[in-house]
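Right, one structure below, let's go through it.
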Amino acid sequence: MAERIQQRLEDRIPELEQLERVGLFTRKEIRAVLRKASALEYKIQRRALRKEDFINYIQYEVNLLELIKKRRARTGYSFKKDEIEHSILHRVHSVFNRATGKWKDDVQLWLSHVAFCKQWNAKHQLSKVFSTMLAIHSNKPALWIMAAKWEMETRLSSESARHLFLRALRFHPECPKLYQEYFRMELMHAEKQRKEKKEFEQAKMDLGEFNYSEEILNGEMARIVYREASQKIKGVEFQLAVLSIAKLFDFTQDLQKEIVESLQARYADDPLTWDYMARRELELGSLQPPEHTTKQKKVSEMAQREERCCAVFDEAVRAVPTEDMWKCYITFCLERYNRKTNSEELKQKRLERTLSVFSKAHESGLLSEALYKQWLQLLLDSNLSEKAMEVAEAATRHFTQSVETWQMRLRVLIQLKRDDVTQCFEEAIKHVKSKGTLPLWTLWLEWSEGTNSKEDTEVLYQRSLHATTPAESVTMKEMYLDWTYRNRGYKKVKRLFTSLCENCPFSLDFFRKMIQIEKEQESCKMLYLREYYERALREFGSTNTDLWLDYIKEELSHPQGKPENCGSIHWRAMKMLQGDLVEDFVSKYTLLQTGHL
């Protein structure tokens, strides 16, 4: 191994001598490079190879190349690149090849090699890398697309790109993305040929042996790709994706027409088809030149376009009366309403249209829960509070067991300061299953704290503890403890804490809250703090190291504390804590003893 490493280091000498001779590096820097190279070589030549060592080697060489590039720019010296940079590039490619040969499955390593080749314009080497990578990772369509794009856009070889796409489709005959990019490539090729022909004609040059096929110029190859793909790939999404690509090219009107006709014929019952057909009405331009169009005419024309869109949507919801179809219609209306406009008339018209569509969807019984929420928010933003009340009530009739829907209705009632809030809360609790009612109880109690008497709120807190599931009652206990301290005082909260401790489960925050309350008292007693810590440790002593440490700190810092108890607390912690927590506790306890915690 030593002989091989020595040979590789000797191979570097010519390039290093050139670097010193031309003044890019000093002798001291050359020695430093050799020392570092020697260390890196030993790491990638040993028997137990590590990927990180190869990555570090490559990174060092790349940094060296970047440094040489900067030194050249600073000194203005641009010669001897074959003897210096090319030698380093060859070595980096060699290390990359060893690494990708050893860890073939690491796609990121392959992509790093690709990125390096692109950065240093190593086209010939990159072609080899793509070829080897695709032979190993033929199951990844994204890599085929990357290789084909490089052939098309960098090497300007549409023939090679087409060949790669055809090979990829043999492995992935039903991959929509591959077909989309193949379709795009054929259109790009056609556009490129059209530009070439136009330039020849403008220069009045004899085309001679250049033969531009009219079929290719008109995108016939892309049409073949589309027809082949549409037989294998079903679904509106693919058709729309291909159509959006075709729209990027100004010579594809016939192709676009064919795609739209296919869309209408094969997917007439799909909401996305109708959505596209309706939105297409917005794209129809004005017949008058833009410079002769006043603002009023622009507003009028936009209103007419939107009316045409809505006419298509109206036909759509009659032909395909589904929840998804109404969702497309409403989404369109909301998008138009949210667009900025200086015309109040147009803004009002959009609002009325949107609210009308919401009402029609509601009457047909095809409005989803999420859309009810959007409808309600729109009404509240428009100050239509009475209508908002009706919609909220209708939503809870449709989705009686939905906590979110009841929350939505209750927030509207609270916001409007209605008298029947309590009645609505009772109705909500009755309809919703006990599991999952925590948000309703939280909202009810927050409202009661600001509206009802303390007695009524306390009764509600006690009721919530029994009405919620054991897991949810934990949150209720924390809230009850906090409210009692704020409104009833220290003595009352102590009695409540003792009472709540009789029923499990508890949260750590419940005990910490009580500890904090005790600390806030003028005559804070260590006796009570010990009681709270001991209760908390019975529940969480096996899983929480910080609780033990806080207990020890309290004994050390409190005026009534007993530092001699710290030893027994430490011993108990070591016995109770589980697994790796013991080691964590020991580390923190050591820091505490040395004054670093």
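Remark: the stretch 128-135, residue by residue, has Karplus-estimated 3J(HN,Hα) of 5, 4, 4, 4, 5, 4, 5, 5 Hz, where x stands for each Gly or Pro and the curve is 6.51 cos²θ - 1.76 cosθ + 1.60 at θ = phi - 60°. Compared with the rule-of-thumb size 2.2 N^0.38 Å for a compact globular protein, the stretch 181-255 has a Cα radius of gyration ratio of 1.27. Across the stretch 357-444, Cα-Cα pairs more than 20 Å apart make up 31 percent of the total.
Think of the chain as having a plus end and a minus end, set by charges on the Cβ of Lys, Arg, Asp and Glu; of Leu445, Val62, Ala268, Val62 sits farthest toward the positive end of this dipole.
For the stretch 69-224, the C-alpha radius of gyration sits at 1.31 times the compact-globule guess of 2.2 N^0.38 Å, with N the residue count.
Over the stretch 1-103, the reciprocal of the mean inverse Cα-Cα separation, the Kirkwood hydrodynamic radius, stands at 14.3 Å. Across all directions, the average projected area of the convex hull around the alpha carbons of the stretch 532-596 is 4.2 nm². The magnitude of the dipole of the stretch 1-103, with charges of +1 and -1 set on the Cβ of Lys/Arg and Asp/Glu and taken from the Cα centre, is near 320 debye.
Within the straight-line cut-off of under 20 Å between alpha carbons, the lysines reachable from Lys519 are Lys477, Lys491, Lys492, Lys494, Lys553, Lys562, sequence neighbours fewer than 8 places apart in one chain being disregarded. Taking Cα centre as origin and charging only the Cβ of basic (Lys, Arg, +1) and acidic (Asp, Glu, -1) residues, the dipole magnitude of the chain rounds to 2120 debye. For Lys195, the lysines whose Cα falls under 30 Å of its own Cα, not counting residues fewer than eight places away in the same chain, are Lys118, Lys123, Lys149, Lys177, Lys204, Lys247, Lys257.
Remark: the stretch 426-530 projects, on average over all directions, an area of 6.9 nm² (convex hull of Cα atoms). In the chain, taking the dipole from charged Cβ atoms about the Cα centre, the farthest positive-side position among Thr484, Val107, Val95 is held by Val95. The smallest convex shape that holds all Cα atoms of the stretch 492-581, its convex hull, gives 93 Å³ per residue.
When the surface is traced with a 1.4 Å probe over the full set of protein chains, Tyr60 keeps roughly 50 Å² accessible. One decimal place: the segment Arg227-Leu581 gains 121.1 nm when fully extended, by the rule 0.36 nm per residue minus the C-alpha distance. Within the straight-line cut-off of under 12 Å between alpha carbons, the aspartates and glutamates reachable from Lys43 are Glu52, Asp53, sequence neighbours fewer than 8 places apart in one chain being disregarded.
Cα extents for the stretch 65-118 along the principal axes, largest to smallest and rounded to whole angstrom: 43, 18, 14.
Coordinate range of the alpha-carbon atoms in the stretch 287-397 per principal axis, descending: 53, 34, 16 Å. Volume per residue for the chain equals 320 cubic angstrom (convex hull of Cα atoms). Thr26 contributes about 70 Å² of solvent-accessible surface, heavy atoms of the protein only, 1.4 Å probe. What separates the Cα centres of the stretch 186-202 and the stretch 443-457 is a distance of 75 Å. With the Kirkwood sum run over all distinct C-alpha pairs, the stretch 231-273 has a hydrodynamic radius of 10.7 Å.
Within the assembled protein chains, the solvent-accessible surface assigned to Thr451 is about 80 Å², based on a 1.4 Å probe.
Kirkwood radius for the stretch 145-214, taken over all pairs of different Cα atoms as the inverse mean of 1/r, rounds to 13.3 Å. When the helices of the chain are scored as -39500 (n - 2.57) per DSSP H run of n ≥ 4 and the total is divided over every residue, the value at 222 nm lands at -24500 deg cm²/dmol. Every Cα-Cα pair in the stretch 452-500 was counted, and those over 18 Å apart are 23% of them.
The values are calculated or read from the model by the stated rules, or taken from the named source; none is laboratory data. Quick caveat: nothing in here was measured; it's all calculated off a predicted structure. Positions of Cβ are backbone-derived with ideal geometry, glycine not excepted, and every protein chain shown enters the neighbour counts. Accessible surface areas use protein heavy atoms only, side chains included; no ligands, DNA or RNA. Shrake-Rupley method; radii C 1.70, N 1.55, O 1.52, S 1.80 Å.
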